[in-house]
Amino acid sequence: MDTQSRARKILRTKGISVLVATMPENVAYLTGFHLSTNIRQPMRRVYCAFAASESGGCRLVLPTGVLDVIHMQDVCADRYRTYGPFFVVDAETTAVLDESERAWGKMVRNNVPAIDFLSALTETLGELLEPGVVCAVDEGRITPQEWEALQRAFPGVKFAPGYEVLRRMRAVKSTREVEGIRTSTSITEQALWHTLNSMHEGMTEVEVASIFMRQVAEKGALPTLTCIGSGPRAGYPTVEPSDRRLRKGDTVRFDVGCLWEGWHSDMARTAIVGEPSKKQAQYYDALLEGEKAAIAAIRPGSLACDVFRTAVEVVRERGIPHYQRNHVGHGEGLEGYEHPLLNPNNCEPIEEGMVMCVETPYYEVGFGALHVEDTVVVTGNGTLSLTTIPRGLFIVE
């Protein structure tokens with residue numbers, strides 16, 4: 001089922017007539033519209049008004065200055081409304097225009113922007129809302145004052161929170177979404193594998209990280225997760241690469257990922273400089289067995305909390321009796337952390353089509369850290385791994 005069909009089915013079940021997405025990830029989910037420049041300008045407003053009925057369609061509200069994104073991307077929206085001044089001239093020219101250029105000129109020529117985003121959104125919703133209906137608004141990127149303004153503009157409409165509706169809606173991925181995550185994951189693991197094979201004693205963490213980031217960039221993606229630490233520094237959960245040089249006996253922890261066309265990836269591997277110690281080998285084997293057990297426990301209908309318990313119990317039984325974790329995995333997709341979270345408090349059932357990063361990291365002050373993490377998609381009777389590189393300890397000669 002495609003994302004818009006799934007969204008409409010869920011909205012009708014919940015009695016919601018119109019859903020307004022405000023977060024970039026939620027807008028991308030409903031329309032395919034994504035802005036890489038949101039990293040630099042996170043508060044740029046692009047909204048989507050999505051109707052539960054087919055006839056209501058899907059409409060975008062966006063700044064005039066990003067109108068070209070609709071032209072360049074395969075955006076699934078029936079209409080759009082821009083706001084704010086931005087000037088692109090559709091001048092007469094003697095040049096021969098191709099079909100794409102003519103279409104862009106038409107968009108520029110016919111576009112008449114609203115004064116501001118709230119005016120554009122109100123006009124758009126005015127075409128969709130009737131008294132008595134429920135309009136769920138993703139509260140992730142709208143101020144209380146703007147929420148109140150919408151309520152004043154549509155006094156007969158019931159406004160309800162929509163952020164959690166969208167988060168849960170996005171938990172089950174379409175085929176297109178899985179393929180996007182697969183590509184992002186493939187870029188990360190290719191870059192990581194190249195980095196592992198390029199490492200040697202004496203390199204700095206920054207030099208190692210630079211190899212990884214350069215490989216990701218060369219493949220057309222953006223490195224977004226580069227937790228790379230060695231020796232005792234590997235034990236910092238959110239470590240940033242430093243000038244520390246790799247030494248014999250070091251553990252080197254990689255928790256890395258990238259962003260490709262709006263899709264996140266996240267995976268972890270551990271390397272040892274030279275021969276691993278008995279503790280390094282024993283502990284890593286225990287963590288790997290725990291991760292394998294967690295993945296084996298994932299299938300449609302299994303509970304997230306049971307997967308968590310399985311992972312922790314196996315790690316303890318296999319060699320780390322004091323092992324503790326707050327979670328052993330999370331959803332992956334348009335955000336780096338999505339629903340579901342594999343923790344002891346989430347006893348909701350896992351569904352076919354969910355994509356999850358499953359992990360069993362271990363951090364110890366003075367010792368460092370060991371970490372393995374893989375991405376899987378839930379199938380009808382188990383899981384399919386989106387990561388392919390070996391999961392054992394990598395030995396740096």
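Relative contact order for the range 3-169: what percent, with Cα pairs under 8 Å and sequence separation of 6 or more?
Computed over the range 3-169, the figure is 25 percent.
Counting only DSSP beta bridges with both residues in the range 3-169, tell me the antiparallel percent, nearest 5.
Rounded to the nearest five, the antiparallel share is 40 percent.
Taking the DSSP beta bridges in the chain as the whole, what percent of them are antiparallel, to the nearest 5?
75 percent
Full extension from Glu364 to Lys106: what is 0.36 nm times the residue separation minus their Cα-Cα distance, to one decimal in nm?
This chain segment gains 86.8 nm when fully extended.
I need the phi-derived Karplus couplings for the range 227-241: 6.51 cos²θ - 1.76 cosθ + 1.60, θ = phi - 60°, integer Hz, Gly and Pro marked x.
7, 10, x, 10, x, x, 5, 4, x, 7, x, 10, 4, 10, x
Roughly speaking, what is the stretch gain from Glu351 to Phe87, that is 0.36 nm per residue apart minus the C-alpha to C-alpha distance, in nm to one decimal?
Working it through step by step, the gained length comes to 90.3 nm.
If amide hydrogens are placed 1.01 Å from N in the peptide plane, which non-local residues have theirs closer than 5 Å to the one on Met23?
Sorted by chain and number, the residues that satisfy this are Gly140, Arg141.
I want to check the label-to-label distance for Arg299 and Glu179. Put each point 7 Å from Cα in the C-beta direction and report it in nm to one decimal.
With each label point 7 Å from Cα toward Cβ, the separation is 2.9 nm.
Excluding same-chain pairs closer than 8 in sequence, count the lysine pairs in the range 175-396 whose Cα atoms lie under 27 Å apart.
4
How many angstrom lie between the Cα centre of the range 229-249 and the Cα centre of the range 338-397?
22 Å
Suppose R0 equals 35 Å; then what is the FRET efficiency for Ala95 and Gln73 from their Cβ-Cβ distance, rounded to the nearest 0.05? Provide the component values of the computation, followed by the final result.
On the way: r = 24 Å, r/R0 = 0.70.
That pair, Ala95 with Gln73, gives E of 0.90.
Show me, for the range 157-167, the HN-Hα J-couplings you get by feeding each phi into the Karplus relation (A = 6.51, B = -1.76, C = 1.60, θ = phi - 60°), rounded to Hz, glycine and proline as x.
Listing the rounded values in order: 9, 8, 9, 9, x, x, 4, 5, 4, 5, 4 Hz.
Which lysines have a Cα less than 29 Å from the Cα of Lys9, not counting those fewer than 8 places away in the same chain?
Lys158, Lys173
Give the residues of the range 188-206 whose amide nitrogen is closer than 15 Å to a point set 7 Å from the Cα of Thr388 in the direction of its Cβ.
188-194
So what does log10 I(q)/I(0) come out to for the range 175-396 at q = 0.09, 0.12, 0.16 Å⁻¹, using the Debye formula with one equal point on every Cα and no solvent?
With one equal scatterer per Cα and no solvent, log10 I(q)/I(0) is -0.33, -0.59, -1.05.
Would you mind calculating the gained length between Trp193 and Ser242 on full extension (0.36 nm times residue separation, minus the Cα-Cα distance), in nm to one decimal?
That works out to 15.6 nm of additional length.
Calculate the length of the line joining the C-alpha centroid of the range 278-319 to that of the range 105-124, in whole Å.
About 53 Å separates the Cα centre of the range 278-319 from the one of the range 105-124.
Using the Cα centre as the reference, give the magnitude of the dipole from point charges on the C-beta atoms of the chain (Lys, Arg: +1; Asp, Glu: -1; all else neutral), rounded to the nearest 20 debye.
Value, rounded to 20: 520 debye.
Residue by residue through the range 354-367, which ³J(HN,Hα) values in whole Hz follow from phi under the Karplus form 6.51 cos²θ - 1.76 cosθ + 1.60 (θ = phi - 60°), with glycine and proline marked x?
Working through the residues one at a time gives 5, 10, 10, 8, 10, 8, 9, x, 9, 10, 9, 4, x, 8 Hz.
Please give the FRET efficiency for Ser5 paired with Glu127, using the beta carbon to beta carbon distance and R0 = 22 Å, rounded to the nearest 0.05.
The formula returns an efficiency of 0.50 here.
Which FRET efficiency value, to the nearest 0.05, is calculated for Lys158 and Ser119 with the Förster distance at 25 angstrom and r the Cβ-Cβ distance?
That pair, Lys158 with Ser119, gives E of 0.65.
By the 4.7 Å beta carbon criterion, which cysteine residues of the chain come out unpaired?
Here Cys48, Cys58, Cys76, Cys135, Cys227, Cys258, Cys357 come out as lacking a disulfide-compatible partner, given the Cβ-Cβ threshold of under 4.7 Å.
Checking the cross-link filter: which aspartates and glutamates have an alpha carbon closer than 15 Å to that of Lys106, excluding same-chain neighbours under 8 positions apart?
Result set, ordered by chain and number: Asp68, Asp90, Glu92, Asp98.
Read-outs: derived from the displayed coordinates by stated rules, not from any lab. These figures come from a predicted structure and were not determined experimentally. Backbone-built Cβ (ideal geometry, glycine too); neighbour counts: all protein chains shown.
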